[in-house]
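Participant: Before anything else, here's the structure in question.
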Ligand code: HEM
């Protein structure tokens, strides 16, 4: 009996193994004509570059650095294999244009159900059904128009002032000898801002010493990254307890979102949904049955929290990491902010448009450290790129980081030089900045809906902090950057802050 069970189990396993082998063989054959890193022997056949990537990342390096290295070695189009998936990366202005605009290739959602748990679900970022996505995008485009957002400058300013007071209090309680991790303060601030502006919700994370909401979001992003970097994680016993923990956090985030939405929907009903925020727009314009689907509303709720928080907090944190290492840039920035704002508290639209160098600093930070360093697409038909036939169902990674670090488009790519983005500066003409070489917010129909939001918020908060504080970086920190779905400074940007007189 035992022998028979053993024999049938073995034949099932052998069958599965044979099928996998055939699948990998066929995939490798389909992409044989494309350049890319070589694989070695039998292990290489089955695993491709899996071990190289996992080792690289576990040594606190970015996967995107490997992509950059490969793009230099193999050219504007290359492939690499991870288990039974082949990824193709293109890093050339014309091909990026052809893929993102001309072909309008569908999205391959990540973060929708990481580790099998509903996270962003069918929210705007991860929706793959084009007509459902288009309908919701059309409704929401209006909320994110620049003039509508500028109507919220009061909220941006008042949350910014709360941050300044909070940082001043931290300076008092910490004294001048201990540093603080700026990223974590910014991350709580951006969460409060998106919650208020998009959902009229007071999360008040900044005032709490420990924000559970922040923690749940962070864990959801961690789960997403884990699944991207290590597709075999579920089979590794040493990862099981952390996977359980990550799943638990995602469930708690969903529970929080359901409770908050239920309360908000009741409140909105009393005002007949006459607000100008994301939620009231979604309800006011709801037509189809799906528009009223509560689970989908929760997906969008979570999506806007994630999209609107972590990305902008990271972009701002990187500004300070770079300013602390580039005193000349900091000096110029401070001069501009002092001359435009003086000691004025309320920053209006006019001030924002005068802060040109501040804008360039934010843009350069997004170039050197794009929070969304790549995004994915999946090909729905065969196409030809750079003389190579690319088969249907190809998985593309759009190389935001690789393009922005390419010498071909950005001379001295490792340097932090906001002058690249100043039209009247001679250095700007040496850079080839276009929508296809510089794309921190992506381009094409699925570009970032919140980019105006991020630009207003980023500039205003940067200006307020520089206006109010002197700062120095803590030399006892790692300057490394980790991939946390978005790119994030590993030590959270430790700085010594001192209020300015
Ligand atoms: C510096 C800050 C930001 C960066 C770098 C950024 C970057 C991006 C990128 C690259 C995409 C395209 C992703 C893809 O195709 O997979 C995207 C999409 C999106 N972003 Fe942002 N984002 C930022 C801020 C925001 C903010 C503030 C919000 C919300 C207020 C937001 C909400 C979204 C949403 C909802 C999408 C999906 C759009 C769609 O598919 O129609 N983002 N973002």
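Participant: Quick one: would you say residue 380 is within 16 Å of the ligand (Cβ to nearest atom) and exposed (fewer than 14 other Cβ atoms within 10 Å of the Cβ)?
Facilitator: yes
Participant: Look at segment 466-501 and say how many of its residues are over 30 Å from residue 100 (Cβ atoms) and either part of a strand (DSSP E or B) or within 16 Å of the ligand (Cβ to nearest atom) (or both).
Facilitator: Going through segment 466-501 one residue at a time, the tally reaches 12.
Participant: Residue pairs, Cβ under 6 Å, 6 or more apart or interchain, first in segment 418-444 and within 23 Å of residue 125 (Cβ to Cβ), second more than 16 Å from the ligand (Cβ to nearest atom) and outside any loop (DSSP other than H, G, I, E, B). List them.
Facilitator: Listed pairs, sorted by first residue: 436/93.
Participant: Let me ask another. Report yes if some residue within segment 229-237 is crowded, with 17+ Cβ neighbours inside 10 Å and in contact with a strand residue (DSSP E or B) (Cβ under 9 Å, 6 or more places away or on another chain); otherwise report no.
Facilitator: Yes, some residue in segment 229-237 is crowded, with 17+ Cβ neighbours inside 10 Å and in contact with a strand residue (DSSP E or B) (Cβ under 9 Å, 6 or more places away or on another chain).
Participant: I'm checking my understanding of the structure. Among residues of segment 314-358 that are outside any helix (DSSP H, G or I) and more than 28 Å from the chain's Cα centre (by Cα), which one is nearest to the ligand (Cβ to nearest atom)?
Facilitator: Per the criteria, the residue is 346.
Participant: Now for a separate question. When residues of segment 475-492 are filtered for being more than 23 Å from residue 224 (Cα to Cα) and either within 23 Å of the chain's Cα centre (by Cα) or crowded, with 16+ Cβ neighbours inside 10 Å (or both), how many remain?
Facilitator: Residues meeting the conditions: 3.
Participant: Let me ask another. Is one or more of the residues making up segment 254-273 within 26 Å of residue 87 (Cβ to Cβ) and at pLDDT 90 or above?
Facilitator: Checked against the condition, which is being within 26 Å of residue 87 (Cβ to Cβ) and at pLDDT 90 or above, segment 254-273 yields no hits at all.
Participant: Return a yes/no flag: does segment 4-24 have any residue that is at pLDDT 90 or above and outside any helix (DSSP H, G or I).
Facilitator: No - not one qualifying residue is present in segment 4-24.
Participant: For the subset of segment 462-474 comprising residues that are surrounded by fewer than 21 Cβ atoms within 10 Å (Cβ to Cβ) and under 26 Å from the mean Cα position of the chain (by Cα), which member is farthest from residue 365 (Cα to Cα)?
Facilitator: Looking at residues that are surrounded by fewer than 21 Cβ atoms within 10 Å (Cβ to Cβ) and under 26 Å from the mean Cα position of the chain (by Cα), I get 474.
Table: residues versus (1) more than 16 Å from residue 303 (Cα to Cα); (2) surrounded by 20 or more Cβ atoms within 10 Å (Cβ to Cβ).
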residue	(1), (2)
198	no, yes
204	yes, no
222	no, no
240	yes, no
247	yes, no
255	no, no
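Participant: Ok, one more. The conditions are (1) in a loop (DSSP other than H, G, I, E, B); (2) closer than 28 Å to residue 229 by Cβ; (3) touching a residue at least 24 places away in the same chain (Cβ under 8 Å), and residue 447 fails exactly one of them. Which is it?
Facilitator: (3) is the only condition that residue 447 fails.
Participant: Another question, if that's okay. So, in segment 69-117, exactly how many residues are assigned to a helix (DSSP H, G or I), touching a strand residue (DSSP E or B) at 6+ places or on another chain (Cβ under 7 Å) and modelled with pLDDT of 90 or more?
Facilitator: Number of matching residues: 2.
Participant: Still on this structure, please answer the following. Return the residues of segment 1-52 that are surrounded by fewer than 10 Cβ atoms within 10 Å (Cβ to Cβ) and in contact with a helix residue (DSSP H, G or I) (Cβ under 9 Å, 6 or more places away or on another chain); say none if nothing qualifies.
Facilitator: Scanning segment 1-52 gives a single hit, 38.
Participant: Quickly run through segment 121-140 and pick out the residues that are under 19 Å from the mean Cα position of the chain (by Cα), at negative phi and more than 9 Å from the ligand (Cβ to nearest atom).
Facilitator: 122, 128, listed by residue number.
Participant: Can you name the residue in segment 438-448 that is modelled with pLDDT under 95 and more than 8 Å from the ligand (Cβ to nearest atom) and is also nearest to residue 409 (Cα to Cα) among such residues?
Facilitator: Per the criteria, the residue is 443.
Participant: Hey, can you tell me all the residues within segment 167-176 that are in contact (Cβ under 8 Å) with a residue 60 or more places away in the chain and assigned to a loop (DSSP other than H, G, I, E, B)?
Facilitator: 176
Participant: Would you mind finding the one in 311, 303 that is in contact with a strand residue (DSSP E or B) (Cβ under 9 Å, 6 or more places away or on another chain) and in a helix (DSSP H, G or I)?
Facilitator: 311
Participant: I'd like to check something: does segment 270-279 contain any residue that is in contact with a helix residue (DSSP H, G or I) (Cβ under 9 Å, 6 or more places away or on another chain), part of a helix (DSSP H, G or I) and surrounded by 13 or more Cβ atoms within 10 Å (Cβ to Cβ)?
Facilitator: Looking through segment 270-279, at least one residue is in contact with a helix residue (DSSP H, G or I) (Cβ under 9 Å, 6 or more places away or on another chain), part of a helix (DSSP H, G or I) and surrounded by 13 or more Cβ atoms within 10 Å (Cβ to Cβ).
Participant: Within segment 191-213, how many residues turn out to be free of Cβ contacts under 8 Å to residues at least 40 places away in the same chain and closer than 23 Å to residue 121 by Cα?
Facilitator: Of the residues in that region, 2 qualify.
Participant: Determine, yes or no, whether residue 295 is free of Cβ contacts under 8 Å to residues at least 60 places away in the same chain and surrounded by fewer than 21 Cβ atoms within 10 Å (Cβ to Cβ).
Facilitator: no
Participant: Considering only segment 141-157, how many residues are within 11 Å of the ligand (Cβ to nearest atom), assigned to a helix (DSSP H, G or I) and at pLDDT below 90?
Facilitator: Looking only at that region, the number is 1.
The values are calculated or read from the model by the stated rules, or taken from the named source; none is laboratory data. Computed from a predicted model, the values in this text were never measured in an experiment. Neighbour counts run over all protein chains shown; Cβ positions are idealised from the backbone, glycine included.
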